[in-house]
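Please treat every number below as a calculation from the coordinates, not as lab data. Predicted model, so just to flag it, every value in this text is computed and none were measured. Note that each Cβ is placed from the backbone with ideal geometry, even for glycine, and that neighbours are counted across all protein chains shown.
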Number of protein chains: 4
Amino acid sequence: MTSVQPIRAARSPRRGPANRLPPERRIAEIIAAARALLAERGYENCVISDIAERAGVVEGTIYRYFENKRDLFVKVAESWFEELLGQQEDVVHVSGTEERLRRTIRRALSIIRHEPALTRFVLMELRPDPDYKNMRLYRLNRAFVSGVMEVLKEAMAKGEIEPSISLSLLRDMIFGAIEHQTWAFLREEGSFSVDETTDGITAVIFRGMRPIGTAGAASVDDMDARLERIEAALGRIEAR
Amino acid sequence: MTSVQPIRAARSPRRGPANRLPPERRIAEIIAAARALLAERGYENCVISDIAERAGVVEGTIYRYFENKRDLFVKVAESWFEELLGQQEDVVHVSGTEERLRRTIRRALSIIRHEPALTRFVLMELRPDPDYKNMRLYRLNRAFVSGVMEVLKEAMAKGEIEPSISLSLLRDMIFGAIEHQTWAFLREEGSFSVDETTDGITAVIFRGMRPIGTAGAASVDDMDARLERIEAALGRIEAR
Amino acid sequence: MTSVQPIRAARSPRRGPANRLPPERRIAEIIAAARALLAERGYENCVISDIAERAGVVEGTIYRYFENKRDLFVKVAESWFEELLGQQEDVVHVSGTEERLRRTIRRALSIIRHEPALTRFVLMELRPDPDYKNMRLYRLNRAFVSGVMEVLKEAMAKGEIEPSISLSLLRDMIFGAIEHQTWAFLREEGSFSVDETTDGITAVIFRGMRPIGTAGAASVDDMDARLERIEAALGRIEAR
Amino acid sequence: MTSVQPIRAARSPRRGPANRLPPERRIAEIIAAARALLAERGYENCVISDIAERAGVVEGTIYRYFENKRDLFVKVAESWFEELLGQQEDVVHVSGTEERLRRTIRRALSIIRHEPALTRFVLMELRPDPDYKNMRLYRLNRAFVSGVMEVLKEAMAKGEIEPSISLSLLRDMIFGAIEHQTWAFLREEGSFSVDETTDGITAVIFRGMRPIGTAGAASVDDMDARLERIEAALGRIEAR
DNA sequence: GATGAATGAGACTTCATTCAT
DNA sequence: AATGAATGAAGTCTCATTCAT
């Protein structure tokens with residue numbers, strides 16, 4: 001997947017005569033092809049001619065619909081984010097800060113795990129771009145990340161977050177952890193359970209690494225911990 | 001028919017002077033040049049000829065000392081890690097888990113902040129390599145990261161960490177947060193204080209985001225609310 | 001510290017016109033150019049850019065149709081052999097072992113004489129290749145050489161060849177002699193008549209260097225020799 | 001041995017300080033190193049720095065004693081021929097043309113078999129050179145080959161060779177056969193016995209491929225058949 | 001005499017991009 | 001709208017040769 005790619009695609013005879021298509025379909029097919037290849041090879045190792053071949057067109061056609069290679073991949077990322085945003089409703093209605101955060105984290109985790117190359121492309125190639133902030137992608141990304149931020153803001157409003165903590169720091173700890181875990185996974189440093197990781201991150205974010213009970217009264221705290229585990233289990237069951 | 005023989009004209013070398021240097025110096029200069037350029041451009045956008053120019057040599061000279069481009073940058077990363085390891089003594093003698101973790105985090109944070117491109121190179125280009133684990137760099141990196149792991153292990157041994165938490169998850173949260181913060185900073189999304197971020201990460205890692213005093217003081221009201229939610233969830237499950 | 005991003009300037013292609021050609025024509029032209037240059041310079045001294053120039057294209061175009069330099073020249077050799085095989089019918093119908101061998105030798109001789117660089121390339125660059133035997137060229141070459149081997153086998157079956165002689169040794173003497181003669185010619189060590197050489201090789205192969213009559217009865221043998229020469233002359237006349 | 005050679009020699013630390021040597025010894029060592037490497041890799045794949053390393057000197061030193069790479073290898077070939085010529089006495093005293101030729105062939109065969117790369121270098125790189133004939137090597141080579149030519153001339157003087165045969169053709173058949181056999185051997189197309197090959201070549205050269213006893217015993221029937229063919233051919237010619 | 005760091009031309013190869021058809 | 005042949009700049013890497021030390 002992230003393998004280093006020389007590979008010279010076998011020269012393959014082009015299909016047929018013309019195959020005229022409505023622009024949207026053509027664009028969609030090219031984007032799909034590019035996305036698939038990106039997943040296999042990473043941005044730098046994606047060759048336009050291979051994308052074209054996979055999309056069933058020739059190089060020139062791609063340049064009819066996209067300014068250049070970079071533009072094409074920006075569009076790929078955008079279409080991905082749009083797809084994601086279309087699925088995000090469900091979390092809103094869950095009550096309880098912790099459970100909502102947990103669900104948001106789980107979603108992000110499973111997305112990144114399923115599309116690591118796209119994630120990487122956005123993180124590594126696009127985000128560092130000087131005018132990343134003016135790109136539509138930036139707004140889409142914000143819209144996506146804002147799920148987490150919303151929950152955090154709400155929690156803060158309710159007084160559930162220590163007021164001196166920077167929300168963006170929390171956000172970065174969450175996504176940073178997700179990414180690191182994902183990369184470790186991609187390096188095949190071991191398996192990785194979405195649920196366990198989700199619970200782990202949520203737990204640390206909420207209560208830190210301190211042993212439960214350390215900071216307060218034993219019995220109530222104990223009960224607290226047990227309730228928490230019950231809630232987590234229920235959340236998982238419901239999310240099925 | 002023409003005769004079989006022009007036989008390639010003998011090559012004629014060199015015009016400029018020579019500027020002889022002891023190998024270590026030359027190597028050091030090339031590594032420095034490569035490191036600087038890496039910081040400006042990232043690996044893929046560094047071209048050998050630019051590195052050579054900046055190092056004040058020609059391309060060929062670089063290949064006298066390094067197998068190929070990748071090898072050069074591996075050496076760059078190695079020399080960087082060696083530099084870092086040379087400064088690591090100070091943390092050992094500090095007592096108190098939290099303070100030691102804080103110092104380790106601060107160090108990592110300031111390093112990554114100052115050399116984000118190198119970090120990125122190691123993370124993105126080297127770590128995914130199939131035999132990254134056999135590289136000297138891997139060991140150097142481990143030596144560096146192990147600072148954090150040591151503190152965490154110690155803390156766990158002392159019972160200061162909830163035993164169900166995965167240490168590698170904690171590690172990833174710490175470094176993930178550091179990296180995210182750094183990149184946000186690089187995108188010029190705002191200033192960024194090493195001390196504040198350090199304290200923030202440390203605090204969250206140790207105590208979580210809950211308001212101080214809350215964690216152990218779960219009120220009866222709170223429990224009540226949560227029990228209610230559990231009942232609701234159970235109801236939903238039953239209703240399926 | 002500088003920002004992480006210039007991101008390599010987009011490449012800007014092309015000035016000159018285009019001169020579009022159907023692939024077969026282009027391929028043919030490139031092969032022709034390569035063949036001509038190979039004849040002039042030999043493999044190692046052929047540089048892609050010169051071939052391109054002679055073919056009226058740029059270097060990149062060559063790589064559109066050929067994997068790499070070696071592949072190009074393999075194709076050159078193949079097309080040459082195919083050309084040869086297309087002309088090979090005529091020998092089959094001649095009766096008489098000696099005359100058939102003579103014609104086969106003459107053909108090989110004139111071919112090698114006209115394309116010594118190609119011969120050399122096949123002999124020196126391709127044949128030593130570890131998997132030469134799996135190349136199409138190997139089969140083409142066998143098809144060509146097999147002309148000689150067929151005649152020899154037939155002669156042996158008819159009892160015209162001393163059974164203790166290795167056929168492959170005979171083959172090597174024939175082709176070895178042809179090549180040596182050709183190279184001597186190429187070194188401009190004198191002219192060289194295809195007919196004379198053919199007759200010489202044939203004669204030695206059939207009867208050895210011993211003076212005619214040495215081994216047997218004088219008169220009959222003498223007559224034999226004279227008949228032989230008459231036959232050879234007739235063969236040449238017919239072959240015109 | 002004749003393998004295609006990329007191989008990047010491991011950078012190895014130079015031995016010691018200076019190691020001053022009398023010129024002849026130095027030259028001899030460099031030539032020996034070059035010869036060994038030539039045998040392993042072939043001319044084009046011999047790199048000066050590798051030769052230097054093997055000779056225990058640095059590149060620059062080689063250029064003190066040799067004009068350039070080609071010159072070095074010419075000297076290598078020369079020294080080889082000189083070595084050969086120094087061993088050539090033994091054949092002279094043998095009586096009997098056939099036996100002397102056989103011995104000469106065996107010697108040549110075993111030489112070429114043991115130093116195919118050198119043979120190839122002389123044949124392929126040097127002999128085609130426009131002024132090969134002015135090189136000392138040319139004279140040395142002639143001196144070597146003349147062994148065969150002497151025997152042949154003598155045999156011709158004694159009337160043991162059919163006078164119409166060109167001596168240079170005989171020479172070429174002998175050496176051509178030797179070379180072809182050697183190359184087939186190098187391609188690992190089978191084992192190869194110096195003695196058998198020697199005997200085979202000698203036999204064919206002396207008596208041809210005809211079954212023993214046949215050459216001089218052309219039957220009346222045979223003559224009859226041939227006369228018939230001649231008549232037929234004349235008929236065809238007339239019919240044109 | 002020896003060193004070996006440095007040169008620099010040039011080889012092969014890749015690929016984003018263009019535009020005549 | 002689509003094609004795909006062609007471009008050409010740029011990249012990585014090699015190596016014979018030089019010359020300051």
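Pairs exceeding a 23 Å alpha-carbon distance, out of C:75/D:133; D:75/D:133; A:69/B:133; B:69/B:133: C:75/D:133; A:69/B:133. Note on residue A:28 and residue B:150: the model spin-label points, each 7 Å out from Cα along the C-beta direction, lie 5.8 nm apart. Between copies, residue C:192 shows label-point distances of 2.1, 6.9, 7.5 nm, shortest first, with the point placed 7 angstrom from Cα along Cα to C-beta. Working from label points 7 Å from Cα in the Cα-to-Cβ sense, the residue B:196 to residue D:44 distance is 6.6 nm. Please label the shape of segment B:23-66 as rounded, prolate or oblate, based on the square roots a ≥ b ≥ c of the eigenvalues of the alpha-carbon gyration tensor (a/c under 1.5 means rounded; beyond that, a/b larger than b/c means prolate, else oblate). Judged from the Cα gyration tensor, segment B:23-66 comes out prolate (a/c at least 1.5, a/b above b/c). Of the residues D:97, D:197, the one with the fewest other Cβ atoms within 10 Å heads the list, and the complete ranking is D:97, D:197. Cα centroid separation, segment D:134-157 to segment B:99-154: 73 Å.
Tell me, what is the percent relative contact order of segment D:78-207, built from C-alpha pairs under 8 Å that lie six or more residues apart? Once normalised by length, the contact order is 37 percent.
A Förster distance of 25 Å, applied to the separation of the beta-carbon atoms of residue D:21 and residue D:68, puts the FRET efficiency at 0.70. Computed over segment B:23-66, relative contact order equals 37 percent, with contacts defined as Cα pairs under 8 Å that lie 6+ residues apart. The residues D:180, B:114, when put in order of fewest to most other Cβ atoms within 10 Å, stand as B:114, D:180.
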